[in-house]
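Just so you know, all these numbers are worked out from the coordinates, no wet-lab data involved. If you're wondering where the values come from, they're calculated on a predicted model, not measured in any experiment. Note that we place each Cβ from the backbone using ideal geometry, even for glycine, and neighbour counts take in every protein chain shown.
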Amino acid sequence: MSQNILVLPGDGIGPEIVAEAVKVLDVLQADYGLDIELTEGSIGGAGYDAAGHPYPDETKLLARKADAILLGAVGGYEYDKLPREVRPERGLLAIRSDLDLFSNLRPAILTEELADASSLKPEIVAGLDIMIVRELTGGIYFGKPRGIRTLDNGEREGYNTLVYRESEVERIARSAFDIAMKRGKRVCSVDKANVLEVSELWREVVETVAEDYPQVELSHMYVDNAAMQLVKDPKQFDVIVTKNMFGDILSDAAAMLTGSIGMLPSASLNAKGIGMYEPIHGSAPDIAGQGIANPLATIMSVSMMLRYSLDKVELADKVDAAVKSVLQQGLRTADIYVEGTEQVGTAAMGDAVVAALKN
Ligand code: IPM
Ligand code: MG
C-alpha cells in the first residue's frame, strides 16, 4: 500500500526549497520503487491567506491521515501585524501539538567538504556529529497560564509558564537514550537545575530512565555552560537532550557550527513514528523568491523521512550520498559558498542532487 506524504510548503523560501525536495521524491518513485502518494496543503501565512488560519481545518484532516509530512517553513513580514493567535508560527506550534510530535531530532553534522564554511577553526569542527533531541510539545512554549495582563497600577505584565510532567520528561529521555544506543552511546542532558525546580525534576527523571540503559553514559550540563561548550569544543557531544526552549536556542548555535543553517534537517516524531520533516532554517523572507536559497536541508529532511517514518534506510543512504556528491563536485549555494567552489541557485542545486541520484 502506498504511503501518504503531506507536503506543506508554507511561506518565504518554503515553496522554492520544497519544490527541490519533491523532485527528489519524484525520482525515488520513478527509479527506485518508492511507493508514496503526495498531497499538498497550506500552513502558516499561506494557511492564513487560503483559509484564514495558520493551521486550517483542511490541513489538519490531511495531517492526521498522513504517514509523514514534509514542511518548508513558516513566517513572513506581511504577517507580523496579525493577532498573535493567527500568526504563522502558531500554525507550526499547532501541528506539532495536534500530532503530538514531542521528539524533535536536530542533527548537526559537518562533512569534510564544508569544514571551510564554518566560522570556527576546521580542527574544532571537522567531523562534527551531534544529535540534539529537543522536547517539542511541552515546556514554556505550551505551558499555561500565559498571556499579557494589566496590573492594578495600570502597568502591563507578560507571563508564560515553564512546566514539565514526569511522563513528558520520561518519553523524551527514552527517545534520546534509544538514539544514543545507535550512535556514540553518550547522552548529555542540558538543564538549569541550579535555578529551576522544573529542571530539578527533569534531572531526576532522566537519571531514572538512564538506569534502563546501562551502556549509555549520562552527563548533565547547565544550559549556559552548554552554549559555551558547543562553541568551544563541540565534538565532546554525542546526543544532547533538552527542553523545548533550550533546544530551540542550542540547535541554532549547533547549526552555525556547520557553517550554514541551510544544511540542517530535522525530524519531529510522535510515539507512533509518524513524523514531520523540515529544515531548521525558517522562511528567510529576505531572500524569498530569488532562487538562491539552499535546498539541501530540505532534501536531507527527505532522507530523515525515509529513515525514521518510511523505513527505507537504503534510499535514505542514497539521498545522503547524492548530497555528499554534489558538495564534492564543488557546487555551493550562496550561504555555503567559499572561494574556489561554484556558486549555484536553488533549482540548479536540486537538479544536481537529482542527477547524482540517477547515477
Ligand atoms: C524552530 C523555530 C520555531 C520554534 C518557531 C518558528 C516557532 O524557531 O523550529 O526552531 O521556536 O520552535
Ligand atoms: Mg528555532
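Quick notes on this structure:
- The chain, helix-only ellipticity at 222 nm - DSSP H runs n ≥ 4, -39,500 (n - 2.57), divided by all residues, nearest 500: -13000 deg cm²/dmol
- Separation in nanometres of the label points that stand 7 Å from Cα toward Cβ, at Asp49 and Gln328: 4.0
- Charge sum, other residues only, whose C-beta stays under 12 Å from Met305's C-beta, Lys/Arg counted +1 and Asp/Glu -1: -1
- When you restrict to C-alpha pairs under 8 Å that are six or more residues apart and normalise by the size of region 192-276, the relative contact order lands at 17 percent.
- Mean separation of Cα pairs under 8 Å and 6 or more residues apart, divided by the residue count, gives the chain a relative contact order of 21 percent.
- Stretching the chain fully between Tyr337 and Arg84 yields a gain of 87.4 nm (0.36 nm per residue, less the alpha carbon separation).
- Distance histogram for the chain (every C-alpha pair counted, 20 angstrom bins, percent rounded to whole numbers): 29, 60, 11, 0
- The calculated Kirkwood hydrodynamic radius for region 129-257 is 15.4 Å, given to one decimal from all distinct C-alpha pairs.
- Considering only the chain, percent of DSSP beta bridges that pair antiparallel, nearest 5: 40
- For region 129-257, the relative contact order works out to 36 percent when only alpha carbon pairs closer than 8 Å and six or more residues apart are counted.
- Of the residues Leu8, Leu327, Leu38, Leu61, the one with the fewest other Cβ atoms within 10 Å heads the list, and the complete ranking is Leu61, Leu38, Leu327, Leu8.
- Modelled this way, with points 7 Å down the Cα-to-C-beta line, the labels at Asp233 and Ala126 are 1.9 nm from one another.
- For region 1-138, a Kirkwood hydrodynamic radius built from all Cα pairs, placed in the Stokes-Einstein relation at 20 °C and 1.002 mPa s, yields a translational diffusion coefficient of 127 µm²/s.
- The fraction of Cα-Cα pairs per 10 angstrom bin, counted from 0 for region 229-289, comes to 17, 47, 28, 7 percent, rounded to whole percents.
- Within the chain, the whole DSSP H helices whose Cα atoms reach 24 Å or more along their own axis and whose mean Kyte-Doolittle score is at least -0.5 are 14-32.
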